[in-house]
1. Quick one: net charge of A17's neighbours, Cβ under 11 Å, K/R +1, D/E -1?
2. Just add up the charged neighbours of A127: K/R +1, D/E -1, any other residue whose Cβ is under 11 Å from the Cβ of A127.
3. In whole Hz and in residue order, list the ³J(HN,Hα) couplings for segment 192-207 that follow from phi through the Karplus curve 6.51 cos²θ - 1.76 cosθ + 1.60, θ = phi - 60°; x for Gly and Pro.
4. Please give the per residue volume of the convex hull enclosing the alpha carbon atoms of the chain, rounded to a whole number of Å³.
5. Given the options L163, T119, Q136, identify the residue whose Cα lies farthest towards the positive end of the charge dipole of the chain (+1 on Cβ of Lys, Arg; -1 on Cβ of Asp, Glu).
6. Calculate for the chain the 222 nm mean residue ellipticity that helices alone would give, adding -39,500 (n - 2.57) per DSSP H run of length 4 or more and normalising by residue count, nearest 500 deg cm²/dmol.
7. Just to confirm a number: summing +1 for Lys and Arg and -1 for Asp and Glu over residues other than V91 whose beta-carbon lies under 10 angstrom from that of V91, what do you get?
8. Let's see if you can work this out: charge +1 on each Lys and Arg Cβ, -1 on each Asp and Glu Cβ, no other charges. What is the dipole magnitude of the chain about its Cα centre, in debye to the nearest 20?
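Just so you know, all these numbers are worked out from the coordinates, no wet-lab data involved. Since this is a predicted model, take the numbers as computed values, not measurements. FYI the Cβ positions are ideal-geometry reconstructions off the backbone, even for glycines, and counts take in every protein chain you see.
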Amino acid sequence: MSKRAVLEVIALGVEDAVAAQAGGADRLELVTDMAADGLTPSAATVAGIRRAVDISLRVMIRLADGFAAGDVDRLADTAAELREAGAEEFVLGFLDAGGAVDLAAVERVVAVLDGCPWTFHRAIDRAADRDALRKQLDGMPGLDTYLTAGASGGVDEGLPVLLAEAGRGGEPGYEQRLLVGGGLRLDHVPVLLKAGVDGFHIGGAARPGGWDEPVSAEAVAEWRAALDGS
């Protein structure tokens, strides 16, 4: 029996977190301000969610819209504060103006994380060269996941890239889990599972009422059932 696929749900607060866990989510991505595609939540929010649920939490380290690192000192301080608030897993990703990975910024933040596991997020979908980015980050302490839709426009556009990358698992730069998210729909799931993808990330799909409404445990349960083939 293959191991169960990981279902990660975006949570903005405690209500979301409790509903996502009830629906069968394995992990939460904690963010604030979805109008800016998800920024770092407050340390108090992280601590409150940590008390409310016992599943894994990955906390976004991103201070402004876009994929530039911005103030790297502030990023490093933010990472330290989040760790003090009890965060043990993280999400980050920074590009330079040319669309290459901003290695200096990533290394600075990862040094503060001190071996904690982390996801390189959808900045990869805006990279000038995905393969080069993966190879530059290969061996980075704690990096175990890439959150990607395969293309900036979402999974519909990126599906061929995702299927090709899923087939390269084990190659240098491709050993990390592929966590597919960004316009992901239930009808994408069978082809991705068949290709060996075992990570799925949902935000809007967990909120049938839109981003102004909390996560629906029923919607999450529907995804859980689809991933488990039941």
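1. Values: positive: R27, R50, R51; negative: E15, D16, E29, D54.
After counting each charged neighbour, the total is -1.
2. Values: positive: R122, R126, R130, R134; negative: D96, D102, D125, D129, D131.
Within the 11 Å Cβ shell, the charges total -1.
3. Each residue of segment 192-207 in turn: 5, 4, 4, 7, x, 5, 10, x, 9, 10, 10, x, x, 5, 8, 10 Hz.
4. Working: hull volume 26.3 nm³, N = 230.
Once divided by residue count, the hull of the chain is 114 Å³.
5. L163
6. Values: 8 runs with 81 residues, N = 230.
That calculation yields -10500 deg cm²/dmol at 222 nm.
7. Values: positive: R58, R62, R122; negative: E8, E29, E89.
Residues close to V91 contribute a combined charge of 0.
8. Working: 21 positive and 37 negative charges, 93 e Å.
With only Lys, Arg, Asp and Glu charged at Cβ, the dipole is about 440 debye.
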